[in-house]
Amino acid sequence: MGFWDILVSVLFLVISLLLILIVLLQKGKGGGLGAAFGGAGSSAFGTRTGDVFTWITIVLTGLFLLLAVGTNLMLRPAPGLVAQPTFQPPPAPISENVKVTLACATKGADIRYTTDGRDPDENSAEYTNQPLNVEPGSIIKAIGIRDKWESSPVVVGKYPLVDANTPVVPLPGTPTTMPARPTTKPVVPAMPTTAPATN
């Protein structure tokens, strides 16, 4: 909890206790709390005590309602975890500069990013829906942030330079080479040129 959260909570507690005390001290149909201590009631505080207590009650009630709403908004638990930012195109080796866009599935969340290897935070550069010009060998780190929400984990996008000597690893289930076509025609047995002898 921050300083303002603690301050509002303490004020709300104090106003609640004062409001309870003022209501108990006022003279009602049953004589009020003062009747329990000798039947003096509100007259022990003067002839205009009823009017003073009425105004104090109105003020404390207004403060109580305002602080109740403020405390509810300030101390509301975080709605959830911000979704991780995504990269488009996805991180992969590149041979030239590419335009990379960042997106976050959580509505209202801000995306903060870095390109110098440091982990981003709320003070890092803010993504403004403009594609980033990414050079080969660049590393982008991004995080999703939203007020009163838990920030997303840091996601890393690596765009290394394509190495011509690195063999390309095929995806599982895809053939590495196409089957070779036959280069020769099938051999057909020759037909006999003479009829077999008969007895």
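Whether any residue in the range 57-72 is free of Cβ contacts under 8 Å to residues at least 40 places away in the same chain and part of a strand (DSSP E or B) is what I want to check.
The initial filter retains those residues of the range 57-72 that are free of Cβ contacts under 8 Å to residues at least 40 places away in the same chain, namely 57-59, 62, 65-66, 69, 72.
Those left that are additionally part of a strand (DSSP E or B): none.
No: the range 57-72 contains no residue that is free of Cβ contacts under 8 Å to residues at least 40 places away in the same chain and part of a strand (DSSP E or B).
Would you say Pro90 is within 30 Å of Val134 (Cβ to Cβ) and loosely packed, with under 11 Cβ neighbours inside 10 Å?
Details: within 30 Å of Val134 (Cβ to Cβ): yes; loosely packed, with under 11 Cβ neighbours inside 10 Å: yes.
Here the answer is yes, as Pro90 does meet what is asked.
Could you list, in sequence order, all residues of the range 66-85 that are under 18 Å from Glu150 (Cβ atoms) and at pLDDT 85 or above?
Gly80, Leu81, Val82, Ala83, Gln84, Pro85
Identify the residue in the range 4-28 that is under 30 Å from the mean Cα position of the chain (by Cα) and touching a residue at least 12 places away in the same chain (Cβ under 8 Å) and, among all such residues, is surrounded by the fewest Cβ atoms within 10 Å (Cβ to Cβ).
If we filter the range 4-28 for residues that are under 30 Å from the mean Cα position of the chain (by Cα), which is where we start, we get 4-10, 12.
So of that shortlist, the ones also touching a residue at least 12 places away in the same chain (Cβ under 8 Å) come out as 4-5, 8-9, 12.
Numbers: Trp4: 10, Asp5: 12, Val8: 18, Ser9: 16, Phe12: 19.
Ranking the qualifying residues of the range 4-28, first place goes to Trp4.
The values are calculated or read from the model by the stated rules, or taken from the named source; none is laboratory data. Computed from a prediction, not measured in an experiment: that's the story for all the values here. Glycine also receives a Cβ, built like all others from the backbone with ideal geometry; neighbour counts cover every protein chain displayed.
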